[in-house]
1. Excluding S63 itself, calculate the net charge of residues whose Cβ lies under 12 Å from the Cβ of S63, where each Lys or Arg counts +1 and each Asp or Glu counts -1.
2. Hey, can you find the accessible area per residue of the chain for me, probe 1.4 Å, expressed in square angstrom?
3. Roughly how many percent of the accessible protein surface of the chain is carbon and sulfur, given a 1.4 Å probe and a whole-percent answer?
4. Residue farthest toward the positive end of the dipole of the chain, with Cβ of Lys/Arg at +1 and Asp/Glu at -1: which of N27, Q79, L13?
5. Calculate the radius of gyration of the Cα atoms of the chain to one decimal place, then report Dmax, the largest Cα-Cα distance, as a whole number, both in Å.
6. Once every DSSP H run of n ≥ 4 in the chain is given -39500 (n - 2.57) and the sum is divided by its residues, what mean residue ellipticity at 222 nm do you get, rounded to the nearest 500 deg cm²/dmol?
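The values are calculated or read from the model by the stated rules, or taken from the named source; none is laboratory data. Keep in mind the model is a prediction, meaning the values are calculated, not measured. Cβ sites come from the backbone with ideal geometry, for glycine too, and all protein chains shown count toward neighbours. Heads up: the accessible areas ignore ligands, DNA and RNA and are worked out on the full protein's heavy atoms, side chains in. Shrake-Rupley method; radii C 1.70, N 1.55, O 1.52, S 1.80 Å.
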Amino acid sequence: IQADVKRLVKDHLSKESAGQWLLVFDNADDINIWTGQTGSEPGSDRLIDYLPKSEHGCILFTSRDRKTAVKLAQQNVVQLTEM
């Protein structure tokens, strides 16, 4: 039996007992990785469904693709100038 590691991480970080945390996804440029379906059950393997929700944690995405950034972070997008 294989554990669903993505579900375990989501469940743990969604608990208040997890304390404060920061989850960073670097180079999150491909929206299909987040919203696409890779398994046999529709909707079951979308990475966006595994993002934890907690008042004690934050998720930071870095992306060069504005559409992906808006889809993942909604109105919380900070655009940086080229370095």
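1. Numbers: positive: R64, R66, K67, K71; negative: D26, D29, D30, D65.
Around S63, the charge tally is 0.
2. Computed with neighbouring chains in place, this is 82 Å² per residue.
3. Working: 3480 of 6770 Å².
In the chain, the share of accessible area belonging to carbon and sulfur is 51 percent.
4. Q79
5. 14.1, 47
6. Taken over the chain, the calculation gives -7500 deg cm²/dmol.
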